[in-house]
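The values are calculated or read from the model by the stated rules, or taken from the named source; none is laboratory data. Source: prediction; values computed, not measured. When we count neighbours, we look across all protein chains shown, and the Cβ atoms used for this are built from the backbone with ideal geometry, even at glycine.
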Amino acid sequence: MTTSILHVDMDAFFASVELLRYPELVGKPVVVGGSGNRGVVAAASYEARSYGIYSAMSSRRAKRLCRDLVFISGDYEFYVQVSERIMNILKSFTPLVEPLSLDEAFLDIGGVRRVHGEPKSIAYKIRDAIYEEEGLRCSVGGSVNKFLAKLSSENAKPKVGPRGPVYGESVFLLDEDKIEIFLDPLPVNAIWGVGPKTHKKLTDLGIETVGELSRVSEGSLVSSLGKAAGQQLWRLARGIDNRNVVVEQEAKSIGHEETFSKDLTSREDLERELVRLVDSVSWRLRKSEKKCRTVSLKIRYSDFTTFSRSYTFPDPTSLSSTVLEEAKKLLGAVDLRHGVRLLGISVTNFDKSFGEQLKFSENTHSNRKNTEDAVDLIRDRFGVASIGPASILSSNGMRIKRKGEQQWGPDENSND
């Protein structure tokens with residue numbers, strides 16, 4: 001077998017995109033994320049990483065590590081646009097592209113060698129094309145399957161130097177005859193599926209490297225970790241991964257959540273935020289030409305206790321008013337005395353059929369649908385913030401909740 005799968009991973013994607021927009025910040029420690037005390041780091045430039053800052057770190061801790069840290073709140077919609085252009089570059093090499101997120105994807109290049117050359121040549125062409133067209137750096141790894149390709153791209157990543165990135169060639173291909181040599185010294189948590197709990201179980205068994213794991217029998221792993229996890233880790237420790245590159249992957253849920261700058265205890269305030277969340281989620285649901293059967297409410301208290309409540313509709317819907325009605329009922333059953341730190345709404349169990357059963361209240365339903373259709377048309381023409389529920393109007397205009405907005409927590413001095 002030869003290299004047939006590539007994994008392309010953008011380097012510090014959100015931060016790198018922002019540095020293109022703000023070139024005066026190049027060379028400075030920059031992070032994208034919420035700058036408030038409840039914010040988290042979404043992406044860190046390599047200059048910031050040299051201080052020990054990394055994604056998912058609390059913003060408060062990041063500030064302690066670097067006094068000169070520059071925060072950028074982020075522009076998720078813009079990152080989506082850049083990501084779409086990058087994915088189109090990848091598709092110019094092969095139609096078999098599986099995006100994993102905005103900044104990484106698998107490519108099956110098994111059938112395009114006559115057109116684009118050998119795997120190593122394709123990897124370099126991809127790296128160069130993305131840099132030439134978008135001004136962004138990426139790392140490309142390749143091997144005989146997805147698991148090994150992803151590990152290879154991690155090996156191709158820039159190193160964190162004392163003052164910023166140390167770039168190599170940004171391309172690493174793992175040949176089949178080198179798999180065992182490559183895997184054996186890696187820490188066992190380099191394997192997919194080895195989170196903190198599994199890692200502790202393995203270290204308790206005296207297993208710290210992938211090589212040590214590969215020498216444990218499948219039966220012993222199944223006995224210690226369970227059938228599914230044991231069999232999976234046994235295979236991956238030997239570099240076995242039979243998954244194909246999947247081109248079409250539909251979202252299984254559409255949701256939005258927000259961490260507030262201060263805990264909310266007023267039901268009126270929470271219902272106002274709920275309107276914003278439902279308006280955003282329902283609009284995205286209609287734009288995806290789907291209907292949902294289930295709405296879920298997520299609550300996190302000030303002590304980080306988190307729970308969710310769900311309701312399943314008798315008939316699928318995409319109407320904001322219908323989703324909001326049930327979401328308010330779910331919120332009504334929640335004790336607010338502890339203070340709500342985070343509120344979230346998601347819809348699931350999608351149905352693409354837009355046929356609906358007639359109801360006794362058909363006139364009311366029809367009026368609601370006509371109203372929301374009209375709102376969608378206005379937003380399509382004049383922008384998403386041109387119209388919306390009256391309760392989300394503030395002195396600064398329509399406070400429409402956009403996808404990705406404040407998903408890394410509130411900024412300093414945020415009143416939202």
- request: Search the range 253-277 for residues that are more than 23 Å from Val40 (Cβ to Cβ) and buried (at least 20 other Cβ atoms within 10 Å of the Cβ) and pair each with any residue that is of a type outside the set (Ser, Thr, Tyr) and at pLDDT below 90 when their beta-carbon atoms are under 7 Å apart and the residues are at least 6 apart or on different chains.
  value: Val275/Pro389; Val275/Ile392
query: Does the range 111-127 contain any residue that is polar (S, T, N, Q), over 23 Å from Ile191 (Cβ atoms), out of contact with any Pro (no Cβ under 6 Å at 6 or more places or on another chain) and assigned by TED's automatic domain parsing to the domain that holds Ala43?
result: yes
Complete set of residues in the range 151-166 that are of a type outside the set (A, V, I, L, M, F, W, C) and buried (at least 22 other Cβ atoms within 10 Å of the Cβ): Ser152, Ser153
task: Residue by residue through the range 233-283, note down the ones that are among the small types (Gly, Ala, Ser) and more than 30 Å from Leu202 (Cα to Cα).
output: Ala251, Ser253, Gly255, Ser261, Ser266, Ser280, Ser282
- prompt: For the range 118-162, which residues satisfy the criterion of being outside any strand (DSSP E or B), out of contact with any helix residue (DSSP H, G or I) (no Cβ under 7 Å at 6 or more places or on another chain) and closer than 24 Å to Val30 by Cβ?
  reply: Arg127, Tyr131, Glu132, Ser153, Glu154, Ala156, Lys157, Pro162
field: Selection within the range 291-341 - of a type in the set (S, T, N, Q), in contact with a strand residue (DSSP E or B) (Cβ under 6 Å, 6 or more places away or on another chain) and part of a helix (DSSP H, G or I)
entry: none
- line: Residues in the range 87-106 that are part of a helix (DSSP H, G or I) and either surrounded by 14 or more Cβ atoms within 10 Å (Cβ to Cβ) or at pLDDT below 95 (or both) total 4
- prompt: Just to be sure, is Thr348 more than 26 Å from Pro99 (Cα to Cα) and in contact with a strand residue (DSSP E or B) (Cβ under 8 Å, 6 or more places away or on another chain)?
  reply: no
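Rundown of residues vs (1) surrounded by fewer than 17 Cβ atoms within 10 Å (Cβ to Cβ); (2) within 21 Å of Ser266 (Cβ to Cβ); (3) of a type in the set (Ser, Thr, Tyr), yes/no style:
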residue: Asp303; (1), (2), (3): yes, yes, no
residue: Phe307; (1), (2), (3): yes, yes, no
residue: Ser320; (1), (2), (3): no, no, yes
residue: Val323; (1), (2), (3): no, no, no
residue: Ala327; (1), (2), (3): no, yes, no
residue: Gly332; (1), (2), (3): yes, yes, no
residue: Gly339; (1), (2), (3): yes, yes, no
residue: Ile345; (1), (2), (3): no, yes, no
residue: Asp351; (1), (2), (3): yes, no, no
task: Go through the range 11-41 and give me each residue that's of a type in the set (A, V, I, L, M, F, W, C), in contact (Cβ under 8 Å) with a residue 12 or more places away in the chain and surrounded by fewer than 24 Cβ atoms within 10 Å (Cβ to Cβ).
output: Phe13, Leu19, Leu20, Leu25, Val40
query: In the set Glu169, Glu84, Glu180, Glu133, which member is loosely packed, with under 15 Cβ neighbours inside 10 Å and within 21 Å of Gly239 (Cβ to Cβ)?
result: Glu180
